[in-house]
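Just so it is clear, none of the values below were taken in a lab; they were calculated from the coordinates. Computed from a prediction, not measured in an experiment: that's the story for all the values here. Every residue, glycine as well, gets a Cβ built from its backbone with ideal geometry; the counts of neighbours run over all protein chains shown.
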Amino acid sequence: MLITYETSRKKSEIRKYSVYFLIVVITGLFQVVLVKFFSVGGITPDLLLILCIWFSLSEGQLKGLFFAFVVGTYFDIISFDVIGTNTLAKITAALIAGWFFGENKINRNLGTYRFIIIVFIASFFHNIIYYFIHIEFSQISFIPFFFKYGVAISTYTSIVTLIPMLLKFQRNKIIIS
């Protein structure tokens, strides 16, 4: 009986991470190809960042860091960006999001307004790091840089976070009822 349990547990883990892998591939392609059509003033949400934060909050900080490394590197490759820029920024966001992880807090963090706040905080640091590497400060002063790349993109990403948060909330509501 114990062997059967362990085998089924490993199969469920493989299935879970296979689903995450598929979601990352689809989300990454969607991010590169279609998100530009949702641009507001040159600002787009970062869907892969939301996914990294979701993973860190549901699986823990260490797994989240590894996941963010893989996702960031994948996005650097498919977007033809400088290798390591997205990786560094997403690892930082996963580290921050991982601070909020708790096995008894998963539903509270993902299915409530707390998820939006966590995404905003992690996204803010992600964007500051990422754009600090890319922007030439001779072309933009600090205040416009701070508001456009720190606050505006983080706000847009946080607004888009409402979609997975409400889906998680609905799922929890159905399970509880």
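Quick look at the numbers
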| read-out | value |
| --- | --- |
| ³J(HN,Hα) computed for each position of region 59-66 - Karplus, 6.51 cos²θ - 1.76 cosθ + 1.60, integer Hz, glycine/proline x | 10, x, 5, 5, 5, x, 5, 5 |
| Nearest-ten-degree value, helix 85-98 long axis tilted from longest Cα axis of the chain | 50 degrees |
| Compactness of region 16-83 - radius of gyration and Dmax, Cα, Å | 12.3, 37 |
| Acute angle (nearest 10 degrees) that the helix 162-176 long axis makes with the longest principal axis of the chain, alpha-carbon atoms | 20 degrees |
| Theoretical gain in end-to-end length, V70 to Y17 [0.36 nm per residue, Cα-Cα removed] | 17.8 nm |
| Contact order normalised by residue count of the chain, Cα under 8 Å, 6+ apart, percent | 21 percent |
| Residue of I96, I83, I135 that the Gaussian network model of the chain assigns the largest fluctuation, springs spanning Cα pairs under 10 Å | I135 |
| Listed values (1) 1.41; (2) 1.09; (3) 0.96, entry calculated as Cα Rg over 2.2 N^0.38 Å | (2) |
| Karplus-derived 3J(HN,Hα), 6.51/-1.76/1.60, for each residue of region 15-21, Hz, glycine and proline x | 4, 4, 6, 5, 5, 4, 4 |
| Spatial separation of Cα centroids for region 19-50 and region 68-104, in angstrom | 14 Å |
| Residue of E59, E13, E103 that the Gaussian network model of the chain assigns the largest fluctuation, springs spanning Cα pairs under 10 Å | E13 |
| V160, V35 arranged by Cβ crowding within 10 Å, fewest neighbours leading | V35, V160 |
| Restraint check, K16/K63; K11/K63; K10/K90; K11/K105; K16/K36; K11/K90, Cα-Cα greater than 21 Å | K10/K90; K11/K105; K16/K36; K11/K90 |
| Protection-proxy order for peptides 74-81, 120-127, each taking the mean of Cβ atoms within 10 Å per residue, highest first | 120-127, 74-81 |
